[in-house]
Structure formats: structure tokens, C-alpha cells
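Peer 1: Here it is, the structure, as C-alpha cells.
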Protein chains: 2
Amino acid sequence: MTLKRVAEDLNLSVTTVSRALNGYPDVSEATREKVREAARKVGYVPNRLAQALQRGTSEAVGIILPSQFGHFEDPFFLELLVGIGERLHSANLDLVVCAVPEGPAEVDAYKRLVEGRRADAVIIARTRRHDERIDYLIEQGVPFVTHGRAETATPIAFIDADARTAFRRATERLIELGHRRIALIGAPEELFTAGERKTGYEEALRAAGITFDPDLYAVTRLNERGGTAAAERLLGGDKRPTALLCANDAIALGALRIARRLGIAVPDELSIVGFDDLPMAAQAEPPLTTMRQDIRGAGARLAEMVCARLGGTAIADLQELLEAPLIERESTGLASQT
Amino acid sequence: MTLKRVAEDLNLSVTTVSRALNGYPDVSEATREKVREAARKVGYVPNRLAQALQRGTSEAVGIILPSQFGHFEDPFFLELLVGIGERLHSANLDLVVCAVPEGPAEVDAYKRLVEGRRADAVIIARTRRHDERIDYLIEQGVPFVTHGRAETATPIAFIDADARTAFRRATERLIELGHRRIALIGAPEELFTAGERKTGYEEALRAAGITFDPDLYAVTRLNERGGTAAAERLLGGDKRPTALLCANDAIALGALRIARRLGIAVPDELSIVGFDDLPMAAQAEPPLTTMRQDIRGAGARLAEMVCARLGGTAIADLQELLEAPLIERESTGLASQT
DNA sequence: TACACTTTCCAAAACGTTTTGGATCGCAGG
DNA sequence: CCTGCGATCCAAAACGTTTTGGAAAGTGTA
């Protein structure tokens with residue numbers, strides 16, 4: 001059902017019908033009502049493509065889903081996606097998703113998205129320190145917002161958890177509990193957030209006069225399997241840490257499993273801290289101490305920010321750092337006296 | 001950069017440029033090369049919206065993400081999404097995702113998608129026995145494929161795990177191991193697959209001359225929390241089952257947790273079986289016996305099917321039932337003699 | 001009566017493609 | 001010289017909308 005057909009039925013011009021439906025003031029209330037009624041009755045729905053073509057915008061935002069993140073172990077992305085999707089939907093924007101293997105294909109996918117005018121703006125998640133996707137978008141002048149920061153020449157619109165502060169506080173708390181040998185299982189170093197987490201951890205150590213021990217630092221992928229691997233290495237050695245700070249709840253849960261397998265009591269012999277506060281964290285055995293991040297909320301905010309960006313809001317007004325408070329449960333406790 | 005600009009640069013008509021790029025035979029090889037070269041040099045990318053409008057197709061398929069499924073506990077959807085997305089991307093189709101709360105908003109979202117010509121076809125996941133989304137799409141004549149079957153008047157294109165056979169086999173195996181009191185934690189009954197699973201279970205019981213005991217049947221949501229709740233009920237009673245068949249790995253993991261909390265040894269006192277074979281299943285303590293389902297593969301196949309459907313393949317040729325083989329690990333064993 | 005101003009409507013252009021239905025030219029065959 | 005034909009090219013219409021720049025009719029004012 002097209003505008004033309006509705007217009008013919010009513011013996012009006014398409015112009016008038018269009019303007020009636022779009023709330024222009026130059027159509028009488030009587031005809032506006034007639035038009036609304038007729039449109040409703042025949043089930044008229046505007047053709048998105050025609051609208052988009054005419055307006056020169058596609059009313060859609062794109063996001064790339066690196067397939068690697070699709071894995072079960074990493075529920076982060078779906079949660080973010082739902083947050084973004086819901087909010088965009090209520091703003092009457094479509095969300096175009098491309099799943100591509102991580103690597104050069106990613107930038108290509110963004111290219112197809114923006115150069116084919118399929119999306120007015122894009123969202124980037126899991127930013128890397130030096131991110132070609134961001135470089136490309138800046139160069140092209142495409143509006144975008146990111147979840148996570150990056151090292152860029154010009155400022156970008158982002159939302160991010162303040163992982164540095166969170167990790168500093170968590171480390172301070174562990175020190176307060178008497179821990180001295182605190183290990184960090186960090187994220188892959190190309191991720192911007194990896195540096196933040198490590199910095200926060202180091203700041204707290206330094207403030208307490210503890211020197212950073214490279215043997216107490218491991219890097220691994222952000223999933224449970226990564227956690228088990230790293231924990232095996234760290235806990236298998238002779239200078240075993242008394243506390244384990246994990247980049248992720250998934251990693252922390254993996255570490256918890258290893259501790260159990262090795263017969264290390266948590267929290268009596270080993271304290272473990274995660275990040276994210278997944279629902280599973282509270283149900284772990286013992287319930288996991290972690291830093292809370294509202295991922296779905298961040299997704300919703302990201303969607304709002306992308307709308308704002310499209311509406312012309314300045315980048316400087318679209319940079320948000322979210323607190324990630326420490327939720328103390330039962331996986332942390334006083335350091336053992338050994 | 002538009003077709004017109006390219007044409008002007010070359011002193012050709014837009015017609016010729018268009019036809020040159022699209023491989024029509026009525027343009028000389030010499031001009032075709034010139035056009036290709038010029039287009040490449042100025043970075044011409046066709047405007048998807050204009051193409052879509054003209055062709056009357058949007059080159060996109062839609063999928064609705066019920067927000068409820070976005071939850072961390074249920075990684076199913078993301079995996080499916082990645083499978084679908086990758087394959088569609090390589091077929092040069094866009095994937096438009098809407099996240100909406102489950103309920104009437106779902107059908108509305110599909111309406112917006114198809115009536116606004118935003119998608120040529122749609123994919124439905126987690127089908128319900130009586131599914132308004134499907135009814136609507138059939139009525140509208142919109143091509144669609146589903147993950148999961150449904151009770152419909154006319155046949156539909158679907159892909160689904162053969163949960164009935166899988167659950168029958170699993171139950172048979174438990175009976176073979178000496179179990180008599182086998183409980184089932186099923187999915188919410190409005191889901192089509194819930195009935196399939198229960199039927200398979202009942203078939204095996206009947207064949208072994210065991211009568212179905214309603215006290216050994218619980219229904220719960222398909223996530224870990226659902227599993228803990230249902231297991232608490234089933235294991236707390238006096239006529240405790242010796243085996244637990246779960247609709248889901250997530251549920252099974254929840255049940256495992258409850259067994260541990262109640263001090264019930266797995267598998268010595270209680271056998272537990274899941275479904276999906278999430279990566280986590282193999283790493284559970286003890287490693288979970290489960291039925292394997294390749295969700296990402298199903299997603300890819302779903303994408304192929306939707307392409308086939310758009311290409312005119314008959315519905316009858318697009319109905320696939322996938323085997324879900326039993327993977328025996330250490331959460332199952334001989335029935336205890338109590 | 002003429003003028004200006006409002007209100008209400010509309011024809012036509014535009015967005016960037018694809019496709020239809022020729023038009024033009026050169027050349028071979030009669 | 002005319003006809004027919006293949007090889008190239010192109011103008012214009014079409015897809016469904018929004019927007020521009022009026023036009024027509026009504027209303028009050030001088």
C-alpha cells in the first residue's frame with residue numbers, strides 16, 4: 001500500500017497525504033483526521049527505503065559482530081546488543097548487524113556499511129588501543145560511538161567503564177585485607193581496557209610500596225577457558241599468590257574451577273575477584289566478589305549517544321566513564337598467614 | 001559519489017554506466033573497462049537504498065531478538081546470530097536486528113520490518129507451539145524460515161534439532177544404566193520443543209514399562225537460575241530421582257550446583273544429562289553428559305535456507321531435522337542401589 | 001472594489017538506481 | 001540505392017517518498 005494509493009482513495013494529492021501524516025501545519029484538522037483514518041484502515045506503512053533515499057539518510061545504525069566474540073563463553077556482546085537494539089528500536093532506527101571474522105574483514109564490513117549508505121552511523125565495541133576501524137571512520141567522517149576508548153589523534157565519542165579506578169580500588173581492598181602477593185590475569189594487551197586495568201592495579205601496588213612482580217601477571221583471552229589456562233600457570237608455581245584479580249568474571253570462574261581442582265580453598269587460601277558481575281557470579285561457589293558493570297544499560301546509553309551524535313551533539317559532550325563498584329561476596333577474605 | 005557523476009566524468013549516460021557495471025552485453029568491452037576503471041578510481045559504491053527501492057527488494061533479512069533471551073544465562077541466541085550473520089554477509093545480504101521485549105511488541109516489530117520493506121524475509125528463533133509471529137508471516141505471504149518447528153496449518157521452512165529422538169535415546173541409556181526414577185526438567189510448555197523433549201522421554205519410559213510420574217516432571221525457564229529452582233524442588237522431596245534429564249545445559253549446570261549444595265554425589269547418587277553441549281559443559285565438575293547441537297552451524301544453514309527461499313526453493317525442500325547425539329561424560333553412571 | 005493575508009491544497013522536482021524501448025551508426029546483401 | 005541487422009549507446013520512466021514553490025479560495029481591511 002503506497003502513499004499514492006491512499007491519496008487516490010481519498011481524492012487528495014500525495015503531497016497532502018504525506019504532510020497530513022507527518023504533522024505539517026498546512027493541512028486542516030478535518031482532512032488530517034480523514035487521512036489518518038484511511039491510512040490506518042488500509043494498513044499503510046511508509047516504505048522505509050523510499051523515505052531513506054529521499055531524506056538522504058538510512059535511519060539505521062550498523063554494528064560489526066566479530067564472530068570470535070560470538071562464542072558461548074563470552075556473553076558480553078549479546079547483552080550489549082540487546083541494550084543497543086531496544087533503545088534504537090524505540091527511536092525508530094534499525095540496527096544492521098554484520099558478523100565477520102576478526103581481522104581485515106572487519107574494516108571492509110564497515111566500509112560496505114557506510115559507503116553503501118546502509119547505515120548513518122556505526123557502533124564499535126571492544127576497542128583496541130590502535131584501532132583501524134576507528135581510523136577509517138574518522139577519515140571518512142562517519143559518525144560513530146564506541147564502547148571502550150582508544151588512542152586516537154582526535155577525540156571520539158565513547159562510553160566506557162572506569163576500569164582503572166575499579167581495579168585500583170579492588171587492589172587497595174585486597175591489600176587492606178592483608179594480601180601482598182596479588183596476581184593479575186589481564187586482557188590481551190591490544191585492548192585499550194587491558195592497559196587501564198593493569199594501570200589501576202599497579203597504582204595501588206605502588207601506593208602500598210609493593211613492587212610489581214612479572215611472575216604474578218598473566219594475559220589471556222576474555223573467557224573461561226582463558227581463565228583456567230592462566231590460573232593453572234599462576235597457581236601451579238611455587239610462589240603462589242594469595243589473591244587473584246581477573247579481567248573478567250568468565251576468567252574468574254575459570255580460576256575458581258582450577259583452585260577447586262588443585263584443592264586450594266577460596267577464600268581461605270586464595271581470594272579471587274572478577275569484573276562484570278554476570279548473574280552467574282553471584283551463584284558461583286563461593287559467590288564471586290566482582291566489579292559491577294551494567295552492560296545492557298551501557299548498550300542503551302550507546303544507542304542514545306549515537307542518536308545524539310546524529311542530531312549534532314558535539315563529541316566532547318559524548319564521553320562517559322561509568323563507575324564499576326566493587327561487590328564484595330565470599331570469594332575474597334583475609335590473606336592467609338602462610 | 002553517484003552514478004550520474006561517474007557518467008558525467010566519462011561523458012556517458014547513466015544508463016550505459018549502470019549497464020557496464022552490471023555486466024550487460026550491450027556495452028562494448030572498451031567502454032566497460034573505462035567505466036570500471038573510473039568507478040574504481042573515484043570509489044563509487046552503489047547506493048543500496050536506491051537499488052533496493054528500484055528493484056523492489058531490500059536485500060536484507062530481519063530477525064527479532066526478544067530481549068529476554070539477551071540474558072547472560074542464555075548464550076544460545078548470540079551463537080545463532082553469529083552463524084546467521086556470517087553466512088548472510090557473504091551472500092551480500094544485510095541482517096537487520098530488532099530487540100524488543102517478548103510479547104505483542106514482537107509481532108509489531110516484524111510488521112514494521114516487512115511492511116516497511118526493510119527486509120525481504122525474516123528468521124524466527126525459539127518457536128512456540130502456537131506462534132502468532134508465524135501466523136502473521138504466513139498470512140502476509142512473507143518468506144521466512146524458523147529455528148524450531150511449530151503447529152501450523154500450512155507447512156513452514158524450518159531447521160530443528162531432533163530433540164524427541166535425542167531425549168528418547170538419552171532416557172533409554174539411563175534406563176540401561178539401571179535408572180528407574182528418572183526426572184525431567186522440561187522447557188516452558190508453550191515452546192514447541194518442550195513437547196518434543198517430553199515425548200521422547202515418555203516414549204522411552206513406556207517402552208521400558210515405567211509409568212510416567214508427574215512428581216518427576218518440572219518445567220522451568222531455559223537458564224541456570226531455572227535449573228537451580230527446579231532441581232531444588234525435585235531433589236528436595238522424599239522420593240528423590242536417581243537421574244535428571246534437563247532441557248538445557250544451562251539448566252543442567254544449575255542442577256549440578258544444587259546437587260553439590262545438597263551433598264548429593266554426581267554421578268554416584270544422581271546422574272545428570274543436559275542438552276546443547278555448550279563449551280562449559282565439558283568443563284563442568286564433573287564434565288556434563290549432554291546431547292550435542294551445533295548452533296552456529298544451524299545459524300549458517302538457516303541463512304542458506306532463507307536465501308534459497310528467496311530464490312524460490314519450495315518449502316518442502318527446506319525442512320531439516322538435525323541429529324543431537326548423546327555425548328557421555330562423567331555426570332552419568334550406574335544407578336545407585338538404594 | 002481592490003488588496004493583503006491566511007488557510008488549505010497540490011504539481012513537480014528530487015533522491016540514485018534499474019529497465020524499457022528506442023535511436024544511431026556502420027556495414028553487408030540485395 | 002535501399003533494407004536489414006548487429007553493435008552501441010541513451011532518454012525517459014519508474015520505484016515511493018519528501019519538499020519546494022506556488023495556486024486557489026476564503027477573510028478581513030481600506
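Peer 1: For the stretch A:261-274, does any single residue satisfy the condition of being under 20 Å from the mean Cα position of the chain (by Cα), within 21 Å of A:E196 (Cα to Cα) and outside the structural domain of A:T171 (by TED's automatic domain parsing)?
Peer 2: no
Peer 1: Something else: Kindly provide the set of residues from the stretch B:270-292 that are buried (at least 24 other Cβ atoms within 10 Å of the Cβ) and either at pLDDT 95 or above or part of a strand (DSSP E or B) (or both), ordered by number.
Peer 2: Answer for the stretch B:270-292, where residues must be buried (at least 24 other Cβ atoms within 10 Å of the Cβ) and either at pLDDT 95 or above or part of a strand (DSSP E or B) (or both): B:L270, B:S271, B:I272, B:V273, B:G274, B:F275, B:D276, B:L288, B:T289, B:T290, B:M291.
Peer 1: How about the stretch B:1-28: which of its residues are part of a helix (DSSP H, G or I), within 7 Å of DNA strand D (Cβ to nearest atom) and not aliphatic (A, V, I, L, M)?
Peer 2: B:T15, B:T16, B:R19
Peer 1: Can you tell me which residue is nearest to the other protein chains (Cβ to nearest Cβ) among those in the stretch A:221-244 that are assigned to a loop (DSSP other than H, G, I, E, B) and surrounded by 18 or more Cβ atoms within 10 Å (Cβ to Cβ)?
Peer 2: Out of the qualifying residues, it is A:N223.
Peer 1: Same structure again: Quick check on my filter: what residues within the stretch B:86-131 are within 8 Å of another protein chain (Cβ to nearest Cβ), without any contact (Cβ under 8 Å) to a residue 24 or more places away in the chain and over 23 Å from B:T152 (Cβ atoms)?
Peer 2: B:H89, B:G116
Peer 1: Could you list, ordered by first residue, the pairs with Cβ atoms under 9 Å in which the first is in the stretch A:47-65 and under 17 Å from A:A91 (Cα atoms) and the second is assigned to a helix (DSSP H, G or I) and of a type in the set (F, W, Y), at least 6 apart or interchain?
Peer 2: Once the first residue is under 17 Å from A:A91 (Cα atoms) and sits in the stretch A:47-65, its partners that are assigned to a helix (DSSP H, G or I) and of a type in the set (F, W, Y) give A:G62/A:Y110.
Peer 1: May I pose another question? In the stretch A:48-160, which helices (runs of 4 or more DSSP H) lie fully inside it and hold 2 or more residues that are among the aromatic types (F, W, Y) and out of contact with any Pro (no Cβ under 7 Å at 6 or more places or on another chain)?
Peer 2: Result: A:76-90.
Peer 1: Let me ask something else about it. Can you find even one residue in the stretch B:75-90 that is within 30 Å of A:D277 (Cβ to Cβ), of a type in the set (G, A, S) and more than 16 Å from DNA strand C (Cβ to nearest atom)?
Peer 2: Within the stretch B:75-90 (the criterion being within 30 Å of A:D277 (Cβ to Cβ), of a type in the set (G, A, S) and more than 16 Å from DNA strand C (Cβ to nearest atom)), the answer is yes, since at least one residue qualifies.
Residue by residue, here is whether (1) out of contact with any Gly (no Cβ under 7 Å at 6 or more places or on another chain); (2) at pLDDT below 95 holds:
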| site | (1), (2) |
| --- | --- |
| B:M1 | no, yes |
| B:T16 | yes, no |
| B:E33 | yes, no |
| B:V45 | no, yes |
| B:T57 | yes, yes |
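Peer 1: Now, a different point. Of the conditions (1) out of contact with any strand residue (DSSP E or B) (no Cβ under 8 Å at 6 or more places or on another chain); (2) open to solvent by less than 20 Å² (accessible area, probe 1.4 Å), B:I251 satisfies every one except a single condition; which number is it?
Peer 2: Going through the list (1) out of contact with any strand residue (DSSP E or B) (no Cβ under 8 Å at 6 or more places or on another chain); (2) open to solvent by less than 20 Å² (accessible area, probe 1.4 Å), B:I251 breaks only (1).
Peer 1: Hey, could you check the stretch B:29-59 for residues that are away from chain A (no Cβ under 14 Å), of a type in the set (K, R) and open to solvent by 50 Å² or more (accessible area, probe 1.4 Å) and say which is nearest to DNA strand D (Cβ to nearest atom)?
Peer 2: B:K34
Peer 1: Any residue in the stretch A:108-116 that is of a type in the set (G, A, S) and over 16 Å from the mean Cα position of the chain (by Cα)?
Peer 2: Looking through the stretch A:108-116, at least one residue is of a type in the set (G, A, S) and over 16 Å from the mean Cα position of the chain (by Cα).
Peer 1: Right, another one. Of B:I159, B:I138, which residue is farther than 23 Å from A:E86 by Cβ and open to solvent by 10 Å² or more (accessible area, probe 1.4 Å)?
Peer 2: B:I138
Peer 1: State all residues of the stretch A:296-335 that are more than 20 Å from A:V122 (Cβ to Cβ) and either open to solvent by less than 30 Å² (accessible area, probe 1.4 Å) or within 14 Å of chain B (Cβ to nearest Cβ) (or both); if no residue qualifies, say none.
Peer 2: A:G297, A:A324, A:E330, A:S331, A:T332, A:G333, A:A335, listed by residue number.
Peer 1: If I filter the stretch B:3-13 for residues that are within 14 Å of chain A (Cβ to nearest Cβ), out of contact with any Leu (no Cβ under 6 Å at 6 or more places or on another chain), open to solvent by 20 Å² or more (accessible area, probe 1.4 Å) and closer than 30 Å to B:A109 by Cβ, do I get at least one hit?
Peer 2: No - not one qualifying residue is present in the stretch B:3-13.
Peer 1: Can you tell me which of (1) open to solvent by 40 Å² or more (accessible area, probe 1.4 Å); (2) within 16 Å of DNA strand C (Cβ to nearest atom); (3) under 21 Å from the mean Cα position of the chain (by Cα) is the one A:P101 doesn't meet?
Peer 2: Failed condition: (2).
Peer 1: Here's a follow-up. Anything in the stretch A:180-218 that is free of Cβ contacts under 8 Å to residues at least 12 places away in the same chain and either in contact with a helix residue (DSSP H, G or I) (Cβ under 9 Å, 6 or more places away or on another chain) or in a helix (DSSP H, G or I) (or both)? List them, or say none.
Peer 2: Of everything in the stretch A:180-218, those that are free of Cβ contacts under 8 Å to residues at least 12 places away in the same chain and either in contact with a helix residue (DSSP H, G or I) (Cβ under 9 Å, 6 or more places away or on another chain) or in a helix (DSSP H, G or I) (or both) turn out to be A:E202, A:R206, A:T211, A:F212, A:P214.
Peer 1: Next question. Can you spot a residue in the stretch A:37-46 that is over 26 Å from B:G103 (Cα atoms), outside the structural domain of A:E224 (by TED's automatic domain parsing) and either in contact with a strand residue (DSSP E or B) (Cβ under 9 Å, 6 or more places away or on another chain) or within 10 Å of DNA strand C (Cβ to nearest atom) (or both)?
Peer 2: The answer is no; no qualifying residue exists.
Peer 1: Name the residues in the stretch A:105-140 that are within 20 Å of A:Q68 (Cβ to Cβ) and within 16 Å of DNA strand D (Cβ to nearest atom), would you?
Peer 2: Selection gives nothing.
The values are calculated or read from the model by the stated rules, or taken from the named source; none is laboratory data. Please read these numbers as outputs of a predicted model, since none were measured by experiment. When we count neighbours, we look across all protein chains shown, and the Cβ atoms used for this are built from the backbone with ideal geometry, even at glycine. Heads up: the accessible areas ignore ligands, DNA and RNA and are worked out on the full protein's heavy atoms, side chains in. Shrake-Rupley method; radii C 1.70, N 1.55, O 1.52, S 1.80 Å.
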